[in-house]
Amino acid sequence: MSEDIVMQGAEPFFLRGNHVGVLLSHGFTGTTQSMRYLGEALNRAGYTVSAPRLKGHGVSPAAMAQTRAGDWIASLEDALTELRAHCSTIFVGGLSMGGTLTLYMAGKHPDVFAGAFPINAVVQLESPDLAGLAFDRNAPVFVPGIGSDIKDPGIKELAYSEVPVACFKELYALVGVTRDLSARIRCPTLVLQSPDDHVVKPSNGRLIAGLVASSRVELVWLNNSYHVATIDFDKDVIVNEVHRFIKSIAKI
């Protein structure tokens, strides 16, 4: 399967609205499907929303194996450039590794974003199993996927069923760089965290809240969702919290 053939439901989306833009990022091995409910709700509230497909995602695990952390960042950077052409005020948010990328972008471009909202983001993996695979020359090419950690039994995440091991070292690099860049985040930050998360340790929520240098940091717990909270039972809680957060900052 080539990079040009994207799975149905994994396509990037750009929803035109007012001068307030929201850049959304899906996570590691995931797709824009996990961000569409939030994106469409924010667009109905009036905002312009951009959700790019991170390179190598939504195609095949083999395609992802050919990408690096810099490629995922470039996907967001390109989407940001397009969004800035339409919007004067921009927020950034994302799920899981998309939340990590949210923090990376906010730290890398501290004067660009009016606010950031990482959702079940990771800045500390604390996974001996992943660490053991990252540089193991005898590791398998793929291991079982980590997607669809969802409390709602009627919902399934569109994500890879396998994870390319070559990307683990990229994830570790991104997480480490982001953790250090967090000290440069000056914009208001809304941290959303599920206490019952089976992919990312929930302690990341408090850790992120303590790392960012913003004078305004909020930590909201998503008590009825697992990791993929944007399409789980708390999806409307996320919509309402993010909308409240944006309205408190943006001039509409």
task: Note down the nm distance, to one decimal, between modelled labels 7 Å out along Cα→Cβ at ARG216 and at LYS169.
output: 4.2
Loop-located trypsin sites (Lys or Arg not before Pro) in the range 98-197, at most 10 other Cβ atoms within 10 Å (DSSP): ARG137
- prompt: From the residues ALA74, ILE252, ASN240, which one has its Cα farthest along the dipole of the chain in the positive direction, the dipole being from +1 and -1 charges on Cβ of Lys/Arg and Asp/Glu about the Cα centre?
  reply: ILE252
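Label the range 13-247 by shape, choosing from rounded, prolate and oblate, from the square roots a ≥ b ≥ c of the eigenvalues of the Cα gyration tensor; if a/c is under 1.5 it is rounded, and otherwise prolate applies when a/b is larger than b/c, oblate when it is not.
rounded
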task: With viscosity set to 0.692 mPa s and temperature to 37 °C, compute the Stokes-Einstein D of the range 117-252, Rh being the Kirkwood radius across alpha carbon pairs; µm²/s, no decimals.
output: 202
task: Please give the FRET efficiency for SER203 paired with ASN18, using the beta carbon to beta carbon distance and R0 = 51 Å, rounded to the nearest 0.05.
output: 0.85
statement: Neighbour-count ranking for TRP72, TRP221 (other C-beta within 10 angstrom, fewest to most) reads TRP221, TRP72
task: Two decimals is fine: what is log10 I(q)/I(0) at q = 0.16, 0.23, 0.34 Å⁻¹ for the range 9-51, from a Debye sum with one equal scatterer on every Cα and no solvent?
output: -0.35, -0.67, -1.21
message: A 26 angstrom limit on the alpha carbon distance is what I want to check against. Which of LYS55/LYS251; LYS55/LYS169; LYS55/LYS151; LYS108/LYS251; LYS55/LYS247; LYS169/LYS201 exceed it?
response: LYS55/LYS251; LYS55/LYS151; LYS55/LYS247
- prompt: Mind checking the angle between helix 97-108 and the chain's longest principal axis? C-alpha axes, 0 to 90 degrees, to the nearest 10.
  reply: 60
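No lab work stands behind these numbers, since they all come straight from the coordinates. Just so it is clear, the model here is predicted, and its values are computed rather than measured. For neighbour counting, all protein chains shown are included, and Cβ atoms are generated from backbone atoms with ideal geometry for every residue, glycine included.
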